[in-house]
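Novice: Sharing a structure with you now.
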Amino acid sequence: MLLTELDLPSYDHIDPTVTGAAFHAALDDLASETWIAKGFMGYAVLEREAANAVLRDRRMAFPALELLELQGVTSGPIWDRTADGLMVQSGEPHSRLRRQLAPAFTPRATERLRPRLRELIAELWEPVADTGHVEFVKTVAEPLPSMAIAELLGVQGDAPLLARWSVQLQEVFKMRLQETAAEVETAYEEARAYVFEKLAERRKEPGDDLISVLAAGTELDDDDYVTLICSVISGGTDTTEAQLAHGLRLFAQHPEQWALLAEQPELAEKAVEEVVRYEPITPFTARIATEDVVLRDVVIPKDTVLFVCAATANRDPATFKDPQRFDITREPEPVLTFGFGAHYCIGAYLARAELQEAFTYLAPRTPDLHLDGEPVFGQTTGIYAMQSLPLAWSVR
Ligand code: HEM
């Protein structure tokens, strides 16, 4: 059976400005009806097993270049950088690039950052600790991830610069390059000059940071290292910010779970797994079929775009008992939040460490955590951010 001949429900009614519980309710309704739904730009794969199968399939590629074409970009520096990037590469060229970064992202390498992560969280928190209220996004969620990346790269102090580049580089996926291309190109040029300078410095005086590891490598040229470092900067900043902010929002909405975590900090790992399951900040990732692919007896024609949905896969009732319940004591099962297969998020362990450290630090310090006004959600397409999260707690 050909995919285009199936009579499928449509997900076009799911408005990206509809957020929070209403977003999940609309998607879960659809997922209870069908494993795949039709939309104007492609198809959404909703069920967990099918979603995993798509991400595992080497014939399915990330359509970054197609997204650029849709925005009118077909050559130039943005095209070149994207084409050379980790997400677009596959097979051996992809593994070769990924191998260069891998040593910096092993659990052991990340563990070394933990004491510093704790200090950074304390530094951000201390100015507001006694006030009893905070706008969490600006105060903690936004600054922390770029500080963590700055530690990883060994460029402490340059976190604001990394944060700015991250925002500018993410523009590639925002479907408005007609307006923002010049800004993205400038960000690439600045980042390139910066990384070249740092690589040269570390060749003279190596440290134990990621730039030093890359600088010591011989497999790639410096432009490839620029591409890799840009992937780390743009992949590791807005994502963790959004996940941290959604996490605190969920806890403010489930105060008994926050109190439980404060009492039992050993639940931190499970708490993070539950947050990333319940509110994956990349609710969809995209794939394009590079040839005809058969999935569940359905032929998916070459060039079909599939949106793989972590938001429904992570609440698939076939795997998760009582999936709508937010429960930090749940036995974790693998989730789709960090993707699956060859492009599985290289920073997943670091992101989890940041979230674990933040939750462990904050839970005992913010009794009676609650919303202190309306949280402002971003759109559910791309990175599902929180724009503002006013929180309050009891100061004892
Ligand atoms: C909660 C935070 C994060 C989430 C939810 C997340 C999510 C994801 C997802 C879903 C993918 C795969 C996309 C796909 O296959 O279509 C991915 C890939 C990637 N992520 Fe993350 N990410 C997070 C944090 C980080 C961090 C902290 C870093 C780096 C420091 C990072 C760097 C990357 C890179 C470089 C890739 C591309 C890997 C490849 O193509 O081989 N991410 N991430």
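Novice: Sort 357-367, 296-306 by packing, meaning the average of other beta carbons within 10 Å per residue, with the highest value first. If you can, show how the numbers build up before the last one.
Specialist: Numbers: 357-367: 20.4, 296-306: 15.7.
Listed from highest to lowest mean packing, they are 357-367, 296-306.
Novice: Further question on the same structure: At 7 Å along Cα-to-Cβ for each site, give me the label-to-label distance between Arg58 and Val299 in nm.
Specialist: Distance between the two pseudo-spin positions: 2.4 nm.
Novice: Round to a whole angstrom and tell me the spacing of the C-alpha centers of the stretch 76-92 and the stretch 1-19.
Specialist: Spelled out, the Cα-based centre of one part sits 29 Å from the other.
Novice: Separate question: Tell me the Kirkwood hydrodynamic radius of the stretch 3-392 in angstroms, computed as one over the mean inverse distance between distinct C-alpha pairs.
Specialist: 21.8 Å
Novice: What does the C-alpha gyration tensor say about the overall shape of the stretch 54-184? Classify as rounded when a/c is under 1.5, otherwise prolate if a/b is larger than b/c, or oblate.
Specialist: oblate
Novice: Sticking with this structure for a sec: Please give me the summed charge of the neighbours of Leu389: other residues whose Cβ is under 14 Å from its Cβ, Lys and Arg +1, Asp and Glu -1.
Specialist: Details: positive: Lys138, Arg249; negative: Glu135, Glu142, Glu241, Glu279, Asp372, Glu374.
Here the charged neighbours net out to -4.
Novice: Per residue, how many Å² of accessible area does the chain show with a 1.4 Å probe?
Specialist: 44 Å²
Novice: Still on this model: Tell me the mean residue ellipticity at 222 nm calculated for the chain from its helices only (DSSP H runs of n ≥ 4, each -39500 (n - 2.57), averaged over every residue, nearest 500).
Specialist: My calculation for the chain gives -15000 deg cm²/dmol from helical runs alone.
Novice: Next question. What part of the accessible area of the chain, given as a whole %, is carbon or sulfur when the probe is 1.4 angstrom?
Specialist: 53 percent
Novice: Taking 0.36 nm per residue of sequence separation and subtracting the Cα-Cα distance, how much length would be gained by fully extending the chain between Asp322 and Leu260, in nm to one decimal?
Specialist: 20.4 nm
Novice: A further question on this structure: Quick one: how many lysine pairs does the stretch 3-392 have with C-alpha atoms less than 27 Å apart and a gap of 8 or more or different chains? Give me the count, please.
Specialist: 6
Novice: Residue farthest toward the positive end of the dipole of the chain, with Cβ of Lys/Arg at +1 and Asp/Glu at -1: which of Tyr349, Met147, Gln243?
Specialist: So the residue we want is Tyr349.
The values are calculated or read from the model by the stated rules, or taken from the named source; none is laboratory data. What you are looking at is a predicted structure, and each value in this text was computed from that prediction instead of being measured. Quick reminder, even Gly has a Cβ in these numbers, built from the backbone with ideal geometry, and neighbours come from all protein chains shown. Protein only, heavy atoms only, side chains kept; ligands, DNA and RNA dropped before computing areas. Shrake-Rupley method; radii C 1.70, N 1.55, O 1.52, S 1.80 Å.
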